[in-house]
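Q: First the structure, then my questions, so here it is.
The values are calculated or read from the model by the stated rules, or taken from the named source; none is laboratory data. Quick caveat: nothing in here was measured; it's all calculated off a predicted structure. Reconstructed Cβ throughout: ideal geometry from the backbone, glycine too, with neighbour counts over all protein chains shown. Just the protein is used for accessible areas: all its heavy atoms, side chains included, with ligands, DNA and RNA removed. Shrake-Rupley method; radii C 1.70, N 1.55, O 1.52, S 1.80 Å.
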Amino acid sequence: MPKVKVDGVELEVPAGATVLQACELAGKEIPRFCYHERLSIAGNCRMCLVEVKPGPPKPQASCALPAAENQEIFTQTEMVKKAREGVMEFLLINHPLDCPICDQGGECDLQDQSVAYGKGSSRFDENKRAVTEKYMGPIVKTVMTRCIQCTRCVRFAEEVAGVPEIGAIYRGENMQITTYLEHAAKSELSGNVVDLCPVGALTSKPYAFEARPWELKKTHAIDVMDAVGTNIRLDSRGRQVLRAVPRINDDVNEEWASDKTRHNVDGLVRKRLDKPYVRKDGKLVPATWNEAFATIAAVKHGGSVAALAGDLLDCETMFAGKVLVERLGGSLLEGRQTGLAYDVSSLSAVNFNTTLNGLETADVILLVGTNLRWEAPLVNTRIRKAIKKGAKVFALGPQVDLTYKVEWLGNDASLLGRLPEAVVEAFGKAARPAMIVGGGVLAKDGAHGDTLALVETLGLVKEGWNGYNVLHFAAARMGGLMLGYAAQGGIKAVAAAKPKLLFSLGADEVDYSAFQDSFKVYVGHHGDKGAHAADVILPGASYAEKAGTYVNLEGRVQRGEKAVFAPGDAREDWSILRALSEVLGATLPFDSFEQLRAEMARAVPALGVEGLADYGWSVPSLPTGASGEFGFPIKDFYLTNAICRASPTMQQCSAELIHGETYAEAAE
């Protein structure tokens, strides 16, 4: 480890570190625009200039200069100060001074650094250049006159998203950043370029002119759009969430978020259920809470009670539902809405055991029946990182563009029992082999058993390494499985039991035609499929309107906070179930959210502690011999749940990016 001096302070830095990183280790702030920790080094903004000895007596770009033994680095000398002022002066030659109308105002790197490191005046009075606006799709708004050509967006699109559609055209002062032929950026991660842009050239189109950052209340939350458990911050004003942005968590989402995570929030205020409804003469009519509860209490169920859990639920709601069903004499619980009925006797056999971080270190990966770009875009970025380190990827299933090189083996489940020799050989040589099993496998009889049979064949489990991974795509799935929402035989078995009273906890993907003989009580937040089928609707709270515990696909227990209040008469789901239990004569054993959480932790201790749950490792004995083609469970990435279907932004993304419709933009 080389020793360097930064402003007279000696320290050791890791081998391969840059001068900029050495300065940061010494606690010195180095301004930058093009440098980003998760992107390759471009060295083109020149804002990070420092003085280095030994070396030529001139400022040097610290982001691109390796730290070396006995270097002396100076960050505050007169030379450095003048150099930074000069760079800032050049950057502002063509940058329009439209901060008052710029959405980046208040959180703009250029604003902050021009105050801290700029000169305060400019010697240039020539006309500023103007650049025509570019079209980048329904997510990203462009004002390219503001662009300082840091190329962060270009590098992100190519290196992280794997969709190299953003680039530079022309040269010198005429250089412009644009998408290829100015069409929409077709990536599930395109919204991240808004966070990366250090100026107001790329901003969020749905959020345009909505609010200033200092007006917003910021709440830490967990995303429920997929099972990755992306750490997000919900920014709200009054009773409305205006935007969702990612928080940094290197173990889960790094600092990225999918477009669905970012832009579903406009669906939180549309198609909402804000009062109870009771079905009378075939029509749902508004009712009071007392009327709704009395209607449910009148149902003679005789202990024939079941509960279905939706994909967006927190563990507390599912636990309250479970206790209520049990106290009413029922035992049927199911969360796999679309009919999956895989074995859950071993949670480790349906877990992402490698962990998201560990996947980056895998050297051979087999994907089975999964479209990672749609089921978990942030798992896909991890595989891209593994490939950069030399990993080889094989895949079984329908061919799709995963943004990296894949050796497709075919789309026949029987191949699991007779993998090509080249695949077995590659896994035999691998130190850290991994297999990712998708929803297409869990839906096919025998396929789950076939993949577990490969654990030994391919050497997936070794000391300190477990390469067997099941990829869920519902935020509530792992928490639901831990709480027992997995009936033997799946939802078909629940329907066959013909429960007289059915609690639908935000379950919007269920085929309710199988439950025609059941009295259906829907507890949820959107007027979607579940509400349409219900006999009584009890308006609940969305993930933004309640605190909750969520378990992601790798078994990581995480907690989100409440950002805003639910609209109208809607209440938090657990409190609805608590009030209803009293009317039904089966009072739940808690009176507050804290008591509920404590009861849940007593019943399932792993849910009381944040962090990775330990499921142990055991392989259940399952039937094998699957055959036929795999199918992908997600047909439209942007419309997978009730919130997304209510969101105008998600509807436009679906129409334009999935179905190829074109949108005309008004001239500005």
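Q: Between 0 and 90 degrees, rounded to the nearest ten: what's the tilt of helix 447-457 against the longest Cα principal axis of the chain?
A: For helix 447-457, the angle is close to 60 degrees.
Q: In the chain, carbon and sulfur make up what percent of the accessible area (probe 1.4 Å)?
A: The computed percentage sits at 51.
Q: Scattering from the C-alpha atoms of the stretch 402-531 alone, worked out with Debye: what is log10 I(q)/I(0) at q = 0.10, 0.20, 0.21, 0.23 1/Å?
A: Each listed q maps to, in turn, -0.50, -1.22, -1.31, -1.50.
Q: Just the Cα atoms of the stretch 196-241, one point each, no solvent: what log10 I(q)/I(0) does Debye give at q = 0.20, 0.24, 0.31 Å⁻¹?
A: Cα-only, vacuum Debye calculation for the stretch 196-241: -0.87, -1.05, -1.10.
Q: Let me ask another. Rounded to the nearest 500 deg cm²/dmol, what is the calculated helix-only ellipticity per residue at 222 nm for the chain, with -39500 (n - 2.57) per DSSP H run of length n ≥ 4?
A: Counting only the DSSP helices, I get -6500 deg cm²/dmol.
Q: Related question: Going down the table (498/635; 5/119; 186/444; 405/444; 28/82), which pairs top 20 Å between alpha carbons?
A: Exceeds cut-off: 498/635; 5/119; 186/444; 405/444.
Q: Which FRET efficiency value, to the nearest 0.05, is calculated for residue 635 and residue 159 with the Förster distance at 35 angstrom and r the Cβ-Cβ distance?
A: Computed FRET efficiency for residue 635 and residue 159: 0.75.
Q: For the modelled label position 7 Å from the Cα of residue 53 along Cα-to-Cβ, which residues of the stretch 7-31 have backbone nitrogen atoms closer than 14 Å?
A: Within reach of a label on residue 53, which here means backbone N under 14 Å from a point 7 Å along Cα→Cβ, the stretch 7-31 contributes 7-9.
Q: Starting from the amide H of residue 6, placed 1.01 Å from N in the peptide plane, find each other amide H under 5 Å away whose residue is 5 or more places distant or on another chain.
A: Here 11, 73 satisfy the definition.
Q: Suppose we look only past 19 Å in the calculated P(r) of the stretch 101-155. What percent of the Cα-Cα pairs does that tail hold?
A: Pairs farther apart than 19 Å: 44 percent.
Q: Taking K and R as +1 and D and E as -1, what net charge do the other residues with C-beta under 13 Å from the C-beta of residue 493 add up to?
A: Net charge around residue 493: +2.
Q: Next up: Quick one: Cα centre-to-centre distance for the stretch 502-541 and the stretch 176-241, in angstrom?
A: 32
Q: Where Lys and Arg each count +1 and Asp and Glu each count -1, what net charge lies around residue 93 among other residues with Cβ under 11 Å from its Cβ?
A: Neighbour charge sum, excluding residue 93 itself: -1.
Q: Could you pull out which residues in the stretch 616-632 have an amide N less than 17 Å from a spot 7 Å beyond the Cα of residue 456, following the Cα-Cβ vector?
A: Under 17 Å, as judged by backbone N against the label point of residue 456, lie 617-625 of the stretch 616-632.
Q: With a cut-off of 8 Å between alpha carbons and a minimum separation of six or more residues, what is the relative contact order of the chain in percent?
A: Worked out over the chain, it gives 15 percent.
Q: What is the gain in length, in nm to one decimal, between residue 181 and residue 414 on full extension, counting 0.36 nm per residue of separation less the C-alpha to C-alpha distance?
A: 79.6 nm
Q: Let me ask something else. Measuring with a 1.4 Å probe in the full set of protein chains, what accessible area per residue, in whole Å², belongs to the chain?
A: I get 41 Å² per residue for the chain.
Q: Estimate the FRET efficiency between residue 82 and residue 15 by the formula 1/(1 + (r/R0)^6), using the beta-carbon distance for r and 30 Å for R0, to the nearest 0.05.
A: 0.40
Q: Count the DSSP beta bridges whose two residues both fall in the chain, then state the antiparallel fraction as a percent rounded to the nearest 5.
A: Here the antiparallel bridges make up roughly 55 percent for the chain.
Q: What residues from the stretch 214-232 fall in the zone where the backbone N is under 13 Å from a label point 7 Å along the Cα-to-C-beta line of residue 251?
A: In the stretch 214-232, the label zone of residue 251 (backbone N under 13 Å from the point 7 Å along Cα→Cβ) covers 231.
Q: Can you tell me how much longer the chain between residue 561 and residue 291 gets when fully stretched, taken as 0.36 nm per residue apart minus their C-alpha distance, in nm with one decimal?
A: Result: 94.1 nm gained on full extension.
Q: Please report the equivalent ellipsoid semi-axes of the stretch 1-125, computed as sqrt(5 x eigenvalue) of the Cα gyration tensor, largest first, in whole Å.
A: Whole-Å semi-axes of the equivalent ellipsoid: 28, 16, 12.
Q: If packing is taken as the mean number of other Cβ atoms within 10 Å per residue, what is the order of 494-500, 552-558, highest first?
A: Taking the mean over residues of other Cβ atoms within 10 Å, the ranking is 552-558, 494-500.
Q: Here's a follow-up. What ranking, highest mean first, results for peptides 298-309, 146-157 when packing means the other Cβ atoms within 10 Å averaged over each residue?
A: 146-157, 298-309
Q: Treating the angle as unsigned and between 0 and 90°, give the value, to the nearest 10°, between the Cα long axis of helix 573-583 and the longest Cα principal axis of the chain.
A: 20
Q: Can you tell me how the stretch 459-529 classifies by the Cα gyration tensor, rounded, prolate or oblate, using a/c under 1.5 as the rounded cut?
A: Judged from the Cα gyration tensor, the stretch 459-529 comes out prolate (a/c at least 1.5, a/b above b/c).
Q: Right, something else. Could you give the length gained by full extension between residue 210 and residue 169, i.e. 0.36 nm per residue of separation minus their alpha carbon distance, to one decimal place?
A: My answer for the length gained is 11.6 nm.
Q: What is the distance in Å between the Cα centres of the stretch 378-407 and the stretch 268-297?
A: That distance is 47 Å.
Q: Thinking of the stretch 346-449 as a set of Cα atoms, what percent of all their pairs are more than 21 Å apart?
A: 30
Q: Let me see the P(r) profile for the stretch 559-627: every Cα-Cα distance counted, bins of 10 Å, each bin given as a percent of all pairs.
A: 14, 30, 26, 17, 12, 1
Q: Quick check on packing: order 474-483, 199-208 by the mean number of other C-beta atoms within 10 Å, highest mean leading.
A: Ranking the peptides 474-483, 199-208 by packing returns 474-483, 199-208.
Q: May I pose another question? Which FRET efficiency value, to the nearest 0.05, is calculated for residue 493 and residue 399 with the Förster distance at 30 angstrom and r the Cβ-Cβ distance?
A: 0.30
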